[in-house]
Amino acid sequence: MELEVRHLRALCAIADTGSLHRAARQLGVAQPSLSTQLRRIEQELGGALFTRERTGCRPTPLGRVVLGRARPLVAEMRALVAEARTAAAVDGPQLRIGSTASRALAGWLRRLRARSQEPVLQMDVSPNALLRMLADGQLDVAFVHEVEGSRLRIPPELQLRVLMEREPQFVSLPPNHPAAAKSEVSLRDLADDRWMVDPTVDGEWDAVQRMFRAAGVNPHVLHGDYYTADALVATGEVVAVCQPTHVDGPTMAVRRIHGDPLGVRLLLAARTQEELDSVYPELEEAYEEVALQAPGYREWLERTGRAEKEGRPSGEGRPTDVRVGT
């Protein structure tokens, strides 16, 4: 049997409802049919994905691994269908945007729509993949990040504009974590914690390893996507690297890492300068909006801005035009 999206959707439904009976109702299928499907999936993957108890179904360790990969795939498929329906319903030219994850995306898309431009969004964890799509004409612009120490493979025909020369990466931790009482944490504060890192993000795992080595720590690391990381941070299972535009909430504390040991460069790419100019102001506004909503990042920006005025290195990038390949 070959796994399909419908199988992954069934696994997510069982995990979310905690019951084969409730999952079957949610999916609109008979419970015996769902039970048979689950057995076939488990046979294909080589192990039990759920423990059947009187109180319901709970994921096994293997089940948690599979669900960690299944959830983003199911979400991507929903997004694909929604975007395809939007594209089919809209007349006229569309703006094809590629992007890695960013809280600035919603505000950027909203501003572009206000200009009567209908963006079609292509998300990918790999900035290199998005840049290749852009160079091949499959996208009009791409908003990507370059992890410090891992240069992107930028096609020479592309033009770039730097939104942030160095955006420091923060850490998300459970609100009741002892280090959450501090406004800034050291890696030694978190040396005994389990970390979650997404190794599919270009350069991410290598950069995190370098950060740990430089700090002289060797924490236990789990591999998984950052959707799963947020959920596990909320339950106190892990801590995780996060963008500084994340905000504190009842399930997560966001803190600066002492010394800002991990950073990324934020880039907007297009094939022509005209295409860059047409969308960059809205992106800059959207990014500033989410930056100011995050207290820790706002404080960092204000402090580094003052340092810059006083003639000290700030680490804050100013928007700059860059011609690549010349």
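Can you tell me which residue is nearest to the chain's Cα centre (by Cα) among those in segment 201-222 that are of a type in the set (Gly, Ala, Ser) and part of a loop (DSSP other than H, G, I, E, B)? Give the derivation first.
Pass one, segment 201-222, residues of a type in the set (Gly, Ala, Ser): 203, 207, 214-216.
Filter once more, keeping what is part of a loop (DSSP other than H, G, I, E, B): 203, 216.
Working: Gly203: 14, Gly216: 27 Å.
Only one residue fits best here, namely Gly203.
Where the second residue is of a type in the set (Lys, Arg) and surrounded by fewer than 17 Cβ atoms within 10 Å (Cβ to Cβ) and the first is closer than 15 Å to Leu267 by Cβ and lies in segment 115-133, which pairs have Cβ atoms under 6 Å and are six or more apart or on separate chains?
These pairs meet every condition: Asn128/Arg153.
Filter segment 221-275 for residues that are touching a His at 6+ places or on another chain (Cβ under 9 Å) and of a type in the set (Gly, Ala, Ser); which is modelled with the highest pLDDT?
Going through the qualifying residues, I end up with Ala253.
One line per residue, one yes/no per condition, for (1) under 16 Å from the mean Cα position of the chain (by Cα); (2) crowded, with 16+ Cβ neighbours inside 10 Å; (3) under 18 Å from Ser186 (Cα atoms):
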{"position": "Thr228", "(1), (2), (3)": "yes, yes, no"}
{"position": "Leu232", "(1), (2), (3)": "yes, yes, no"}
{"position": "Thr245", "(1), (2), (3)": "yes, yes, no"}
{"position": "Ala253", "(1), (2), (3)": "no, yes, yes"}
{"position": "Leu268", "(1), (2), (3)": "no, yes, no"}
{"position": "Gln273", "(1), (2), (3)": "no, no, no"}
{"position": "Asp277", "(1), (2), (3)": "no, no, no"}
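Suppose we filter Arg188, Arg194 for residues that are touching a helix residue (DSSP H, G or I) at 6+ places or on another chain (Cβ under 9 Å), open to solvent by 40 Å² or more (accessible area, probe 1.4 Å), free of Cβ contacts under 8 Å to residues at least 40 places away in the same chain and under 28 Å from Arg255 (Cβ atoms); which single one remains?
Working: Arg194 fails: free of Cβ contacts under 8 Å to residues at least 40 places away in the same chain.
After applying the criteria, what remains is Arg188.
Restricting to segment 291-300, name every residue that is touching a Leu at 6+ places or on another chain (Cβ under 9 Å) and open to solvent by less than 10 Å² (accessible area, probe 1.4 Å). Break it down stepwise before answering.
Step one: filter segment 291-300 for residues touching a Leu at 6+ places or on another chain (Cβ under 9 Å), giving 291-292, 298.
The answer is Ala291, and nothing else.
If Glu237 satisfies all but one of (1) assigned to a loop (DSSP other than H, G, I, E, B); (2) buried (at least 21 other Cβ atoms within 10 Å of the Cβ), what's the number of the condition it fails?
(2) is the only condition that Glu237 fails.
For the structure I just gave you, tell me whether Arg110 is in contact (Cβ under 8 Å) with a residue 24 or more places away in the chain and of a type in the set (Lys, Arg). Can you show your working first?
Details: in contact (Cβ under 8 Å) with a residue 24 or more places away in the chain: yes; of a type in the set (Lys, Arg): yes.
Yes.
Would you be able to say whether some residue in segment 132-150 is aromatic (Phe, Trp, Tyr), out of contact with any Pro (no Cβ under 7 Å at 6 or more places or on another chain) and not in a loop (DSSP other than H, G, I, E, B)?
Kept after step one, since they are aromatic (Phe, Trp, Tyr), are these residues of segment 132-150: 143.
Pick out the ones that are also out of contact with any Pro (no Cβ under 7 Å at 6 or more places or on another chain) and you get 143.
Pick out the ones that are also not in a loop (DSSP other than H, G, I, E, B) and you get 143.
Yes.
Are there any helices (runs of 4 or more DSSP H) wholly within segment 1-70 with 1 or more residues that are touching a residue at least 40 places away in the same chain (Cβ under 8 Å) and among the aliphatic types (A, V, I, L, M), and if so which?
Working: elements: 5-17, 20-27, 31-45.
Output list reads 5-17, 31-45.
For residues that are part of a strand (DSSP E or B) and among the polar types (S, T, N, Q), tally how many sit in segment 93-131.
Within segment 93-131, the subset part of a strand (DSSP E or B) is 95-99, 119-123.
Checking the rest, the ones that are also among the polar types (S, T, N, Q) come to 99, 122.
Residues that pass the stated criteria total 2.
Would you tally the residues in segment 5-55 being more than 17 Å from Val65 (Cα to Cα), open to solvent by less than 90 Å² (accessible area, probe 1.4 Å) and under 30 Å from the mean Cα position of the chain (by Cα)?
4
Okay, residues lined up against (1) modelled with pLDDT of 95 or more; (2) open to solvent by less than 30 Å² (accessible area, probe 1.4 Å); (3) of a type outside the set (A, V, I, L, M):
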{"position": "Met133", "(1), (2), (3)": "no, no, no"}
{"position": "Ala142", "(1), (2), (3)": "yes, yes, no"}
{"position": "Glu146", "(1), (2), (3)": "yes, yes, yes"}
{"position": "Arg153", "(1), (2), (3)": "no, no, yes"}
{"position": "Pro156", "(1), (2), (3)": "no, no, yes"}
{"position": "Leu160", "(1), (2), (3)": "yes, yes, no"}
{"position": "Gln169", "(1), (2), (3)": "yes, yes, yes"}
{"position": "Ser172", "(1), (2), (3)": "yes, yes, yes"}
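Name the single residue that is most open to solvent (accessible area, probe 1.4 Å) among those in segment 197-226 being touching a Phe, Trp or Tyr at 6+ places or on another chain (Cβ under 6 Å), within 21 Å of Arg151 (Cβ to Cβ) and not hydrophobic (A, V, I, L, M, F, W, C). If you could, list the steps in order and put the result at the bottom.
Step one: filter segment 197-226 for residues touching a Phe, Trp or Tyr at 6+ places or on another chain (Cβ under 6 Å), giving 197-199, 219, 221.
If we keep only those that are within 21 Å of Arg151 (Cβ to Cβ) as well, we get 197-199.
From what is left, the residues that are not hydrophobic (A, V, I, L, M, F, W, C) are 198-199.
On the way: Asp198: 6, Pro199: 50 Å².
Looking at the filtered set, the residue picked out is Pro199.
Of the residues Pro178, Pro93, Pro127, which single one is open to solvent by less than 40 Å² (accessible area, probe 1.4 Å) and either within 30 Å of Val233 (Cα to Cα) or modelled with pLDDT under 95 (or both)? Give the steps one after another, and end with the answer.
Values: Pro178 fails: open to solvent by less than 40 Å² (accessible area, probe 1.4 Å); Pro93 fails: open to solvent by less than 40 Å² (accessible area, probe 1.4 Å).
So the residue among Pro178, Pro93, Pro127 that is open to solvent by less than 40 Å² (accessible area, probe 1.4 Å) and either within 30 Å of Val233 (Cα to Cα) or modelled with pLDDT under 95 (or both) is Pro127.
In this structure, is Pro119 open to solvent by less than 20 Å² (accessible area, probe 1.4 Å), touching a helix residue (DSSP H, G or I) at 6+ places or on another chain (Cβ under 7 Å) and modelled with pLDDT under 95? Can you show your working first?
Details: open to solvent by less than 20 Å² (accessible area, probe 1.4 Å): yes; touching a helix residue (DSSP H, G or I) at 6+ places or on another chain (Cβ under 7 Å): yes; modelled with pLDDT under 95: yes.
Judged against the criteria, Pro119 is a match.
Take the conditions open to solvent by 60 Å² or more (accessible area, probe 1.4 Å), modelled with pLDDT of 95 or more and either in contact with a strand residue (DSSP E or B) (Cβ under 7 Å, 6 or more places away or on another chain) or not hydroxyl-bearing (Ser, Thr, Tyr) (or both) and apply them to Glu284. Does it pass? Outline the logic, then answer.
Numbers: open to solvent by 60 Å² or more (accessible area, probe 1.4 Å): yes; modelled with pLDDT of 95 or more: yes; either in contact with a strand residue (DSSP E or B) (Cβ under 7 Å, 6 or more places away or on another chain) or not hydroxyl-bearing (Ser, Thr, Tyr) (or both): yes.
Answer is yes for this residue.
The values are calculated or read from the model by the stated rules, or taken from the named source; none is laboratory data. Since the structure is predicted, the reported quantities are computational estimates derived from the model, not experimental observations. With ideal geometry, Cβ positions are generated from the backbone for all residues, glycine too; neighbour counts draw on all protein chains shown. Just the protein is used for accessible areas: all its heavy atoms, side chains included, with ligands, DNA and RNA removed. Shrake-Rupley method; radii C 1.70, N 1.55, O 1.52, S 1.80 Å.
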